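For reference, the structure discussed in these notes is given below.
The values are calculated or read from the model by the stated rules, or taken from the named source; none is laboratory data. Note that the coordinates shown come from a computational prediction; the quantities given were computed from them, not determined experimentally. Here Cβ is always computed from backbone atoms with ideal geometry, including for glycine, and neighbour counts include all displayed protein chains. These area figures cover heavy atoms from the full protein model, side chains too; ligands, DNA and RNA do not enter into them. Shrake-Rupley method; radii C 1.70, N 1.55, O 1.52, S 1.80 Å.
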Amino acid sequence: MRKFIVLFALLLGSLPLSAQDNQITPAPGLFEAEDGELDATQTLKLYMDEYVTDRETLLEAARATGLDIKLVRRPAKQGYINFISDGEYVSEEQYYLYIEEDGIEISAATPAGYFYALQTLRQIVENNPDGKLPACSMLDYPRFEYRGILIDVSRHFRSLDFLKRQIDMMARLKMNRLHLHLTDAAGWRMEIDSYPRLTSYAAWRTPATWKEWWYGDRQYVEEGSEGAYGGYYTKAELRELVAYAADRYITIIPEIEMPGHSDEVLAAYPELRCSHLPERQGELCIGKEATFEMMQAILDEVIKVFPSEYIHIGGDEASKDNWALCEDCQRRMREEGLESVEELQSYMIHRIEEYLNERGRQIIGWDEILQGGLAPNATVMSWRGEEGGIAAAEAEHYVIMSPHGYCYIDAPQDAPPTQPEAIGGYLPLEKVYSYDPAPETMSAKVAYHIKGVQANLWAEFIPTDEHYEMMLWPRAIAIAEVGWSKPQVKDFANFRCRALDIVERMQAEGYNPFDLKNEIGDRPESREPIDHLALGKTVTYNYPSFYYGPQYAAAGDVALVDGLRGTWTYADGRWQGFLGRGGVDVTIDMGEPTVVHSIKADFMQYCGPGVYMPCKVEIWGSLDGENFEPLTVIDHEVRYEDVPSFMNFGWEGETEVRYIRYKAHRSRFSGFLFVDEIVVR
Ligand code: ACM
Ligand code: ZN
């Protein structure tokens with residue numbers, strides 16, 4: 001009966017969908033506080049009706065709530081937890097949860113539904129350490145069926161224990177897919193019997209960190225040789241991991257990269273390089289039949305270990321240069337009537353898809369698999385933005401959204417100068433949380449094909465476990481809520497409070513999440529528009545041939561005097577980027593003679609992507625626009641640094657000017673100069 005009341009309320013929209021009055025993460029669909037409370041300090045008698053399967057797993061999950069539980073054969077009248085199966089559901093992962101004075105009733109249609117109810121119950125128990133659980137009624141199910149995280153074990157190998165710890169946390173947040181990036185140039189990580197050199201050789205290198213290796217000789221070493229760093233999972237270990245995840249309703253999706261990101265494969269089996277024998281090759285030769293024999297043999301072994309319907313075949317960032325030079329690739333193109341190297345890549349993905357489909361599996365690939373024609377049944381993981389995903393959905397393919405602007409949690413999550421070296425950018429918790437994979441503006445057809453969302457944590461700059469956990473959490477909590485909760489129940493302020501609690505709990509449990517309570521947040525200067533004397537004045541760019549680049553034009557000719565200061569990232573449309581040898585050279589016309597006391601501008605440095613400080617800044621003033629008096633010359637020694645920095649270059653004093661010329665010279669490092677505003681006071 002209660003169930004119908006709840007359903008009616010949901011249909012009529014008469015009850016507020018509210019995340020405000022509970023502390024559950026991800027925010028549930030319908031939560032109603034009721035009168036009374038359950039004394040959960042007593043032993044609770046757990047009864048599962050005859051339709052409940054996975055009983056052992058669910059019993060263990062029930063015990064993990066922290067409640068004292070005894071399994072019984074008949075429903076008790078008092079002090080009960082009753083699992084009452086329900087054949088009607090919107091989502092297979094749906095559950096009802098009622099906490100009453102006499103006990104707890106849970107209704108679900110699948111073990112996953114019961115499991116998620118127990119995760120909710122566990123949070124309620126954690127939030128009520130006195131053991132008095134407030135009565136409530138809940139109906140909850142996920143917005144998206146795929147809620148995932150990518151863990152990159154190629155760039156730096158991670159132990160099975162580490163992976164299990166992350167799986168534990170994912171399960172508590174009702175996430176259900178772990179995408180394991182098992183293969184890449186930096187190391188192959190899965191034991192393959194038919195190609196043993198993948199792990200006896202291509203899984204090992206001598207510099208321990210990706211960075212030293214990548215910027216060094218990029219060689220591999222024999223397993224067991226001195227200083228060999230790396231590792232791989234045996235099949236037994238992977239089976240153990242798969243089972244561990246399955247007990248938490250998480251499917252592990254293995255990724256076997258092809259045709260790109262395969263340097264390690266070709267280092268182990270150089271006979272499979274293209275026919276002109278490039279010294280080093282990152283893309284498999286699609287002309288050689290042996291390539292297919294190898295990939296198919298590998299996939300045969302992969303599907304024996306991983307029951308996942310989805311097998312991720314990579315497909316991203318393949319350079320096609322070698323294929324254009326290779327006799328075998330060219331012959332393949334002629335024989336198959338392929339007009340371009342893009343179609344050659346597509347030929348490979350089609351063949352691999354067919355191979356896996358025949359074995360009852362489906363492929364997922366990065367959005368580059370759209371190039372040259374999408375394989376008929378492929379699911380697309382959209383990472384370069386959302387465009388690839390939308391195009392695939394328009395063509396009625398399923399899509400997992402993972403656009404880098406919201407889901408690439410290898411970017412720093414707080415003020416980059418305070419964070420360890422990272423790949424670049426700035427992706428705070430709030431931005432991750434703000435992501436909507438299927439907003440109302442999307443057509444119903446496209447939205448229908450969006451099956452879920454995934455955060456990707458690439459590990460190039462993340463050598464240690466502690467660092468990896470710090471990058472993963474709490475941003476993965478935000479992805480869990482993006483994937484589970486409807487937009488109507490999402491609220492960042494409320495979420496942040498819950499995330500703070502989860503972070504504290506994780507810290508107490510020995511995890512190393514980012515310490516959210518000490519978050520600095522976005523660049524303080526960027527938070528409010530500023531006023532200053534040059535605001536809206538005319539700026540002349542003195543050397544048109546050394547103009548700001550089109551990619552980083554920001555607001556164009558007004559950008560340096562528009563009052564909008566840049567954020568921590570240069571791709572924000574506020575920082576203006578200068579690539580030419582002349583650096584920055586602009587003249588501001590103040591319109592009339594003006595007494596000024598300071599002229600200042602900030603620059604940023606991110607050496608990884610080639611953004612440097614100027615080596616010299618010169619500032620002049622003039623009343624007539626002809627004769628310029630130097631106000632200051634500042635020399636700066638530019639050094640390569642791992643951590644980003646921000647620096648102000650300016651003049652202070654007192655003078656009367658109409659024209660101000662500001663010139664910043666590029667250093668011996670080429671690359672960009674970025675400046676957001678020339679502030680005149
Ligand atoms: C990717 O980030 N190259 C999928
Ligand atoms: Zn070739």
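At-a-glance table
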{"quantity": "Rounded percent of accessible protein surface that carbon and sulfur make up, the range 62-220, 1.4 Å probe", "calculated": "47"}
{"quantity": "Charge dipole (debye, nearest 20) of the chain; +1 at Cβ of Lys and Arg, -1 at Cβ of Asp and Glu", "calculated": "520"}
{"quantity": "Relative contact order (%) - criterion: Cα under 8 Å, at least six apart; region: the range 579-632", "calculated": "19"}
{"quantity": "Loop GluC sites (Glu not before Pro), the range 69-141, which have at most 14 other Cβ atoms in a 10 Å radius of their Cβ (DSSP)", "calculated": "88, 92, 101"}
{"quantity": "By average C-beta atoms within 10 angstrom, highest first, the peptides 401-411, 624-634", "calculated": "401-411, 624-634"}
{"quantity": "Of 438, 115, 269, farthest towards positive along the dipole that unit charges on Lys, Arg, Asp, Glu beta carbons give the chain", "calculated": "115"}
{"quantity": "With every protein chain in place, the range 300-419: carbon and sulfur % of accessible area (1.4 Å)", "calculated": "45"}
{"quantity": "Residue-normalised accessible area of the range 215-271, expressed per residue, 1.4 Å probe, Å²", "calculated": "40"}
{"quantity": "Cα pair count fraction exceeding 19 Å, expressed as % - the range 256-318", "calculated": "30"}
{"quantity": "Selection from 167, 472, 643 lying farthest towards where the dipole of the chain points positive, charges on Cβ", "calculated": "167"}
{"quantity": "Placed amide H near residue 257: partners under 5 Å, 5+ positions off or other chain", "calculated": "183"}
{"quantity": "In the range 555-637, the trypsin sites (Lys or Arg not before Pro) that fall in loop regions by DSSP, at most 12 other Cβ within 10 Å", "calculated": "581"}
{"quantity": "Crossing angle, helix 160-172 versus the chain [Cα axis fit, 0-90 degrees, rounded to tens]", "calculated": "80"}
{"quantity": "For residue 473, residues with placed amide H under 5 Å, excluding near neighbours", "calculated": "514"}
{"quantity": "Environment charge at residue 199 (Cβ cut-off 15 Å; Lys +1, Arg +1, Asp -1, Glu -1)", "calculated": "-4"}
{"quantity": "With every protein chain in place, the range 506-624: carbon and sulfur % of accessible area (1.4 Å)", "calculated": "53"}
{"quantity": "C-alpha long axis of helix 235-246 to longest principal axis of the chain, angle in °", "calculated": "80"}
{"quantity": "Relative contact order for the chain, counting Cα pairs under 8 Å that sit 6 or more residues apart, in percent", "calculated": "10"}
{"quantity": "J(HN,Hα) series, the range 671-681, from Karplus relation 6.51 cos²θ - 1.76 cosθ + 1.60, nearest Hz, glycine and proline x", "calculated": "x, 8, 10, 10, 9, 9, 7, 9, 9, 10, 10"}
{"quantity": "Which listed pairs, of 174/431; 164/451; 235/517; 235/490; 164/304, have C-alpha distances above 29 Å, in listed order", "calculated": "235/517; 235/490"}
{"quantity": "Full-extension gain in nm, residue 633 to residue 71, via 0.36 nm per residue minus C-alpha separation", "calculated": "194.4 nm"}
{"quantity": "With Cα atoms, 0 to 90° folded angle of helix 341-358 axis to the chain main axis", "calculated": "10"}
{"quantity": "Kirkwood-type radius of the range 530-681, with distances r between different C-alpha atoms, in Å", "calculated": "15.3"}
{"quantity": "In Hz, Karplus ³J(HN,Hα) per residue of the range 571-587 (6.51, -1.76, 1.60; θ = phi - 60°; x = Gly, Pro)", "calculated": "9, 9, x, 10, 6, 9, x, 10, 10, x, 5, x, x, 9, 8, 10, 10"}
{"quantity": "Projected-area mean, the range 328-374, by convex hull of Cα positions, square nanometres", "calculated": "3.4"}
{"quantity": "Reachable lysines from residue 663, criterion Cα separation under 27 angstrom, eight or more residues apart if same chain", "calculated": "537, 600, 616"}
{"quantity": "Among 425-435, 213-223, the order from most to least packed when residues are scored by Cβ within 10 Å on average", "calculated": "425-435, 213-223"}
{"quantity": "Integer Hz, Karplus 6.51/-1.76/1.60 couplings in order for the range 606-613, x for Gly and Pro", "calculated": "10, 5, x, x, x, 10, 10, 5"}
{"quantity": "Rounded D (µm²/s) - the chain, Kirkwood Rh over Cα pairs, Stokes-Einstein at 10 °C, 1.306 mPa s", "calculated": "57"}
{"quantity": "Highest to lowest packing among 69-77, 517-525, scored as the average C-beta count within 10 Å", "calculated": "517-525, 69-77"}
{"quantity": "GluC sites (Glu not before Pro) within the range 641-681: DSSP coil, no more than 15 neighbouring Cβ in 10 Å", "calculated": "641"}
{"quantity": "Aspartates and glutamates with Cα under 17 Å of residue 486, excluding same-chain neighbours fewer than 8 positions away", "calculated": "21, 32, 92, 93, 140, 145, 430, 436, 440"}
{"quantity": "Positive-pole candidate from 488, 510, 454, dipole of the range 447-513, charges at beta carbon", "calculated": "488"}
{"quantity": "5 angstrom amide H check on residue 672, placed H, neighbours 5+ away", "calculated": "611, 612"}
